[in-house]
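Data first, discussion second: the structure below is written as structure tokens.
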Amino acid sequence: MTPDQLAQLVLLAYAAIAVGLVLLSVRRCRDGWRVWLLYFVNRLFVAFIFHWRANGRCPYPESSGAIILSNHRSPLDPMLAWMNSHLRSEEPARSIRVIGYLMAREYYEQPGLVGWIGRAMQSIPVDRNGRDIGPTREAIRRLERGDLIGIFPEGGINMGEGLREANPGIAFLALKAGVPVIPVYIHGAPQGESMTEPFYTPSRVRVIYGTPIDLSPWQGQRKSQELLQILTDALMRKLADLGGVRYTPSVNETK
């Protein structure tokens, strides 16, 4: 065998090993090849363009349900909160877990890349009028099944400073499904005049993970509007503390 033939054989062996590792990784992704592909494209894109950093290992659970509670300043926030979620604090956690975000129906049903990503990420379409309780039921069903659900409780992108008043639905979901809430504050997410501009605007992003918050002590109580608002405000203060920003509480809390 000539040196050139030996070199080609070694390269083929390396290629076969690489393909085998990729196929093994795809098989371990329980949410399918589309999620696997999006996740690794996301890791490369976010790391290169946005210089993503975090304060520690990702605290998302390995197999049980949880709510990921985040501030919302950019259309890129779901990607930033998902980054490196396979490197969790539980060992030997290395599997990819999708975060199903509540997503405006007009984007979910939009033809093209945005809609495809939303459906591949198992997002839950939500009507902006808030009259349909179907998305809430679907979120509870998934949480009880052991899925991760992502929520931006401010209701939309917040271009201002601090955190706005949150919808008490976050506390209702956590109590109803009996799952913890994990606050995640995102600093430095790119913004822009359009939905697409942030995707090509370089920035330096820092994600701050908080410890999971257990609401089980209140699970047996009547889910009154007052209790839900008190718990929601408490969750939002935890999120604000992570980011070192101010939270504007509900009117009910200040009375």
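Please state which one of E161, E144, E138 is within 18 Å of I67 (Cβ to Cβ), surrounded by fewer than 19 Cβ atoms within 10 Å (Cβ to Cβ) and in contact (Cβ under 8 Å) with a residue 60 or more places away in the chain.
Going through E161, E144, E138 in turn, just one is within 18 Å of I67 (Cβ to Cβ), surrounded by fewer than 19 Cβ atoms within 10 Å (Cβ to Cβ) and in contact (Cβ under 8 Å) with a residue 60 or more places away in the chain: E144.
Please go through the range 164-197 and pick out each residue that is surrounded by 17 or more Cβ atoms within 10 Å (Cβ to Cβ), over 23 Å from P61 (Cα atoms) and hydrophobic (A, V, I, L, M, F, W, C).
A166, A189
Which of the numbered conditions does M103 fail, given that it passes all the others? Conditions: (1) crowded, with 22+ Cβ neighbours inside 10 Å; (2) touching a helix residue (DSSP H, G or I) at 6+ places or on another chain (Cβ under 6 Å); (3) at pLDDT 90 or above.
Only one criterion in (1) crowded, with 22+ Cβ neighbours inside 10 Å; (2) touching a helix residue (DSSP H, G or I) at 6+ places or on another chain (Cβ under 6 Å); (3) at pLDDT 90 or above is unmet by M103, namely (3).
This table checks each residue for (1) at pLDDT below 90; (2) out of contact with any strand residue (DSSP E or B) (no Cβ under 7 Å at 6 or more places or on another chain).
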{"residue": "Q191", "(1), (2)": "yes, yes"}
{"residue": "M195", "(1), (2)": "yes, yes"}
{"residue": "R204", "(1), (2)": "no, yes"}
{"residue": "G210", "(1), (2)": "no, no"}
{"residue": "P217", "(1), (2)": "yes, yes"}
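In the range 203-235, which residues are loosely packed, with under 12 Cβ neighbours inside 10 Å, part of a loop (DSSP other than H, G, I, E, B) and more than 17 Å from the chain's Cα centre (by Cα)?
R204, G220, Q221, R222, S224
Identify, by number, the condition in (1) modelled with pLDDT under 70; (2) surrounded by fewer than 19 Cβ atoms within 10 Å (Cβ to Cβ) that C29 doesn't meet.
C29 satisfies every listed condition except (2).
Please specify each residue of the range 28-61 satisfying the condition of being polar (S, T, N, Q) and under 15 Å from the mean Cα position of the chain (by Cα). Outline the logic, then answer.
Let us first name the residues in the range 28-61 that are polar (S, T, N, Q), namely 42, 55.
Listed by number, the list holds a single entry, N42.
What single numbered condition from (1) assigned to a helix (DSSP H, G or I); (2) over 21 Å from P249 (Cα atoms); (3) out of contact with any strand residue (DSSP E or B) (no Cβ under 6 Å at 6 or more places or on another chain) fails to hold for E138?
(3)
The values are calculated or read from the model by the stated rules, or taken from the named source; none is laboratory data. Everything numeric in this text was worked out from a predicted model, so none of it was measured. Methodologically, a virtual Cβ is constructed for each residue, glycine included, from the backbone with ideal geometry; neighbour enumeration extends over all protein chains shown.
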